[in-house]
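Okay, so here's the structure we're looking at.
Readers should treat all values here as calculations from the given coordinates under stated rules, not as data from a laboratory. The shown structure was predicted, so the numbers you read here are calculated from the model rather than taken from an experiment. Methodologically, a virtual Cβ is constructed for each residue, glycine included, from the backbone with ideal geometry; neighbour enumeration extends over all protein chains shown.
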Amino acid sequence: MDFEPNQREAEIQRIARTFATGELEPGARERDRTASFPERELRALAGLGLMGLNTPTSFGGAQAGMVAFSLAVQEIARADASVAVAMAVTNLVADMIMLYGTDEQRRAYLPRITSGEALVASFAVSESQAGSDLAAMTTTAVRTALGWRIDGAKQWITSGDRAGVVIVGAKTDPKAGKKGISAFIIPAGTPGMTAGAPEDKMGQRGSSTVPLRFASCTVPEGALLGPLGGGLPLIYTALESGRIGIASLALGIGRAALDAALAYARSRIQFGSAIATFQAIQFLLADVATDLDAGHLLTMRAAQGKDRGRAVTREAAMAKLFASEAAGRAADAAIQVMGANGFMRTFPAERYARDARVTRIYEGTSEVQRLVIARSLLDQPLAGVPA
Ligand SMILES: Cc1cc2nc3c(=O)[nH]c(=O)nc-3n(C[C@H](O)[C@H](O)[C@H](O)COP(=O)(O)OP(=O)(O)OC[C@H]3O[C@@H](n4cnc5c(N)ncnc54)[C@H](O)[C@@H]3O)c2cc1C
């Protein structure tokens, strides 16, 4: 098994790392403090080819695959998780349009996303009463002479007030349960779609998280993405890529926490020695590094499987579950290594802890990942493990 990036993947990783350390890291703390949306930084990402990493070059993408995407998200998140989440969701939307869109939809939206004209893209499925239980959504899309009329409200939508393009889940047949949900592509500025005020969040404060309201929002027939009534399977398949993105984002935060802890442990002197010489500190660092490597291998397995055209439902859920929890442990360990300074906003460890926390919640909570993994185990035993 080879988890070494190929030349193209390594090049994309290098581009992302150079940008992250040179352009993102210096302003990350201030953007967190002031909850400032990183518009300039996101525009620059598109300029570097990092929006649409998996999108064919014919639509302006990098056509570099999920491994490249994962490596790039890790690098960006290492500097600023708020930029990384907007980037990850934008890539997810591009993948969905590529996979499920008609040629017309691909031509209309993909170049706008990859070029940065759309700035970012959003994926709006959650509602205040439908988070883990997406089938409980109440937003409706009713067929009219003009196309579809959408009514309802989405909640907690990443970049919902900034996105040039939004994919929205809505019930087209409320009596058909899970088979009555469809997906729609809606461009920003469509009358009837309005964003509410950004949430005041614990972490990833530079990213914008908003409610989206739909009041007689009319879109043409051609806004339907994928099959009528086939929205939920489409959303679940998209979440495979989404979870690889969030696992990668979590690993980036975890790596930043480990870097900070290592630097601090080397320079902090207590009892006449650098605290890095104390075994208790070394064990903390060793556990974090092992955790992050394990998360990285799980994430690379899922990304590589996806690149090879395999369904990676279980692998993506395992990667997201493990990497997000490992990132939380890494940030907590970094705070411990830094003592009082770890608790202060002048040091970055507390930001990493706040930024990492939500990776256990969005794109499916840790509990939901465990459900996905358990269901797939009961369906089909783990490869290589006797049933
Ligand atoms: C910062 C942020 C950004 C987000 N961005 C987006 C976005 O861009 N687009 C979007 O559509 N959504 C987005 N979300 C919403 C996110 O996907 C949901 O918050 C998430 O799916 C969980 O839903 P919930 O918050 O309603 O929790 P709930 O579903 O109410 O869950 C509450 C608790 O119950 C547990 N639980 C629920 N069901 C079960 C079960 N069957 N078995 C065991 N435990 C269970 C959960 O694990 C959790 O611990 C975002 C959320 C946040 C915080």
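Separation of the range 226-263 and the range 324-345, taken as the distance between their Cα centroids, equals 22 angstrom. Couplings 3J(HN,Hα) for the range 345-352, derived from phi with the Karplus relation 6.51 cos²θ - 1.76 cosθ + 1.60 (θ = phi - 60°), are 6, 6, 10, x, 4, 5, 5, 4 Hz, where x marks Gly and Pro. On C-alpha positions alone, give me the angle between the axis of helix 65-79 and the longest principal axis of the chain, in degrees, nearest 10. Tilt relative to the chain: about 60 degrees.
The residues neighbouring L377, those whose beta-carbon lies less than 15 Å from its own, together hold a net charge of +1 under the Lys/Arg +1, Asp/Glu -1 convention.
Each residue of the range 159-165 was assigned a 3J(HN,Hα) from its phi angle through the Karplus expression (A = 6.51, B = -1.76, C = 1.60, θ = phi - 60°), giving 6, x, 8, 10, 6, x, 9 Hz with x at Gly and Pro. Each of the peptides 118-125, 8-15, 33-40 was scored by the mean count of other Cβ atoms within 10 Å over its residues; in descending order, highest first, they stand as 118-125, 8-15, 33-40. Between T34 and E367, the contour length at 0.36 nm per residue exceeds the Cα-Cα span by 116.7 nm. Each of P220, A276, S36 was placed along the dipole of the chain (beta-carbon charges, centred on the mean Cα), and the one lying farthest toward the positive end is P220.
What size of dipole, in debye to the nearest 20, comes out for the range 299-387 about its Cα centre when the only charges are +1 on Lys and Arg C-beta atoms and -1 on Asp and Glu C-beta atoms?
Its charge dipole is roughly 120 debye.
Axis angle, to the nearest 10 degrees, between helix 231-267 and the longest C-alpha principal axis of the chain: 20 degrees.
The Stokes-Einstein estimate for the range 7-120, based on a Kirkwood radius over Cα pairs and taken at 4 °C with 1.567 mPa s viscosity, is a diffusion coefficient of 93 µm²/s. Ranking I235, G60, S132 by Cα position along the charge dipole of the chain, where only Lys, Arg, Asp and Glu carry charges on their C-beta atoms, puts S132 farthest toward the positive end.
Listed by chain and number, the aspartates and glutamates whose C-alpha is less than 12 Å from the C-alpha of K154, apart from same-chain residues fewer than 8 away, are E127. What Kirkwood radius, in Å to one decimal, follows from the Cα pairs of the chain? After inverting the pairwise mean of 1/r, the radius is 21.2 Å. Put a dot 7 Å past the Cα of L228, heading toward its Cβ, do the same for A311, and the two dots end up 2.6 nm apart. Peptides 54-67, 159-172, 141-154 ranked from most to least packed give 159-172, 54-67, 141-154, packing being the mean of other C-beta atoms within 10 angstrom over each peptide's residues. State whether the range 232-379 is rounded, prolate or oblate according to the following rule on the C-alpha gyration tensor (a ≥ b ≥ c being the square roots of its eigenvalues): a/c under 1.5 gives rounded; otherwise a/b larger than b/c gives prolate, and the remaining case gives oblate. Note, shape of the range 232-379 comes out prolate.
In whole percents, the pair-distance distribution calculated for the range 102-253 from its alpha-carbon pairs, binned every 10 Å from zero, is 11, 40, 38, 10, 1.
By the count of other C-beta atoms within 10 Å, a proxy for reagent exposure, L232, L249 are ordered fewest to most as L232, L249.
With an 8 Å Cα cut-off and a minimum separation of 6 or more residues, compute the relative contact order for the chain in percent.
Numbers: 781 pairs, mean separation 61.7, N = 387.
Contact order relative to length: 16 percent.
Dipole of the chain computed with +1 at Lys/Arg Cβ and -1 at Asp/Glu Cβ about the Cα centre; of V142, Y352, A340, farthest Cα towards the positive end is V142. Magnitude of the charge dipole for the chain, about its Cα centre and with charges confined to Cβ atoms of Lys, Arg (+1) and Asp, Glu (-1), is about 380 debye.
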